[in-house]
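Right, one structure below, let's go through it.
The values are calculated or read from the model by the stated rules, or taken from the named source; none is laboratory data. If you're wondering where the values come from, they're calculated on a predicted model, not measured in any experiment. Counting neighbours? That spans all protein chains shown, and the Cβs are built from the backbone with ideal geometry, glycine included. The area values use the complete protein model at the heavy-atom level, side chains included, leaving out ligands, DNA and RNA. Shrake-Rupley method; radii C 1.70, N 1.55, O 1.52, S 1.80 Å.
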Amino acid sequence: MLSALGIAIGIATMVAVVGLSESSRADLMAQLDRLGTNLLTAETAEAADGRAISLPKSAVAMVERIGPVRHATATAHVDARVRRSDVVPQERTAGVIVQAAELDLLSTLGGEVGDGIWLTPAGAGLPTTVLGAVAADRLGVDRPGETIMMNDVRVAVVGILEPIELVPTLDRVALIGFPAAERHFGFDGHPTTVFERSTDASVEDVRAILARTISPGKASEVRVSRPSDALAAKAAADEGLTTLMLGLGAVALLVGGVGVANTMVISVLERRQEIGLRRSLGATRNAIRLQFLTESLLLSGLGGVTGALLGAAATSVFAQVQGWTAVIPPWSLAGGLAATLLIGVLAGLYPAARASRLHPTVALNAT
C-alpha cells in the first residue's frame, strides 16, 4: 500500500495540476469573453525633455471618426489632493488621485456601480465624486452621501464602483465630471487617457492608426495599449507554470515507480519457496514472469486509480473555492492511468525475470 501511495501521489499531482490549469484558463477565457478584447487605451507618453504632455481636447471626437470605432471616451488627471476630511493634513492623500471622467466612461469600460449612482449630466458640474473600490476603502467611505475633501473643496460621494477588471488603475481614483474639474480645480480640459471600443475584427487596424489620429504629427507622444493583453499574458504565464508542475509530478511518479520496483524485488526474495513450489508443480518460467509482472501492474494500477481520484477531487474542491468551473480533461486521467501501467511494466520486468530464473531446488531450500 505504501508503494502504491508513491504512485498515487505522482498521478494525483499531475491530474490536479492539469485540472487546475485548465480550470483557471477556462475561467480566464470566460473573463476575456465577458470583458471583451476590443478595448484600446491611448495615454500620454512622457516627452524626451521630461515635460508633461496632454492630448488634444478634440481627441475623443477624432477617435469617433474612425469607422470601426463604436465608443470613445476619456479621463484626465486633475491637480487636486484628496483627504478624508478637513482636519486631515493635505499631504496625507491615502494614495487616491483625482481624475475627470466623461459620462459614458462606465458604459465604455463595462464597469458597474456597486453602491449609489454614476455621474449624471446635472451632477457633472457639481462637486460630486464617484470613488473606485480601492479608493473608497482607503478613505474609509463605505456608503454614498459622505463627503471628502479635494484641496479645500468639500465633495459629496454619490457612488462607489465595483472593481474594474480591465482597468484596475481606476479602482484607486476619485472621479469627477469634466465641468466640475474646470470650475473648481482649474482643469484645462485636455484628456490624459482615451478609451475606445471597436469591432473585434478591426482592433489591430484601429490600434495601428489610433496614435496618429489622436495626435497628428506627434504620434510618438501617445502610447496605445490593449488592457486584455495583460490577461492573455497571465494565461501564458500559467501555462509555463503548469509545465513546471507537470515535471514535478513526473518526478514524483518516477520515485513511486522505484518504490514499486523495490517492493517487487523484496517480494521475490521473500517468496522464493513459493516460487520453487510452483516450479516443482509444473509452472513454467513464463508463468512465473507473468505472475510477478501482473502483481506489479496491479500495484501500480491501484496507485494510479487512487491518484486519479485524489487529483480530480482536489481539482473540484479548489475550483469551487475559487469560484471556477472545474475542468478535468479526460486525457489527463487516461494519460495518468497509462503512465502507471507503463511504470508497472518497467518496475516489474527485472523482479519478474529474476523470479523466473530461480531453480526449483534452490528456491525450495531457501530459508
If you go through the range 177-201 one residue at a time, how many are farther than 17 Å from residue 58 by Cα and either surrounded by fewer than 19 Cβ atoms within 10 Å (Cβ to Cβ) or of a type in the set (D, E, K, R) (or both)?
7
In a loop (DSSP other than H, G, I, E, B), touching a residue at least 12 places away in the same chain (Cβ under 8 Å) and out of contact with any Ser or Thr (no Cβ under 9 Å at 6 or more places or on another chain): does that describe residue 358?
yes
Test: residue in the range 158-175 that is in a helix (DSSP H, G or I), over 30 Å from the mean Cα position of the chain (by Cα), in contact (Cβ under 8 Å) with a residue 40 or more places away in the chain and on the phi < 0 side of the Ramachandran plot:
no
Only one residue in 73, 44 is surrounded by 15 or more Cβ atoms within 10 Å (Cβ to Cβ), modelled with pLDDT under 85 and within 21 Å of residue 214 (Cβ to Cβ). Which one?
44
What are the residues in the range 47-61 that are in contact with a His (Cβ under 9 Å, 6 or more places away or on another chain) and either modelled with pLDDT of 80 or more or assigned to a strand (DSSP E or B) (or both), if any?
55, 56, 57, 59
Can you pull out the residues in the range 295-312 that are among the aliphatic types (A, V, I, L, M) and open to solvent by 50 Å² or more (accessible area, probe 1.4 Å)?
297, 298, 302, 305, 309, 310
Hey, among 187, 195, which residue is farther than 30 Å from residue 14 by Cβ, at pLDDT 85 or above and not in a strand (DSSP E or B)?
187
Per the filter on the range 6-27, residues more than 11 Å from residue 328 (Cβ to Cβ) and of a type in the set (Val, Ile, Thr) are 7, 9, 11, 13, 17
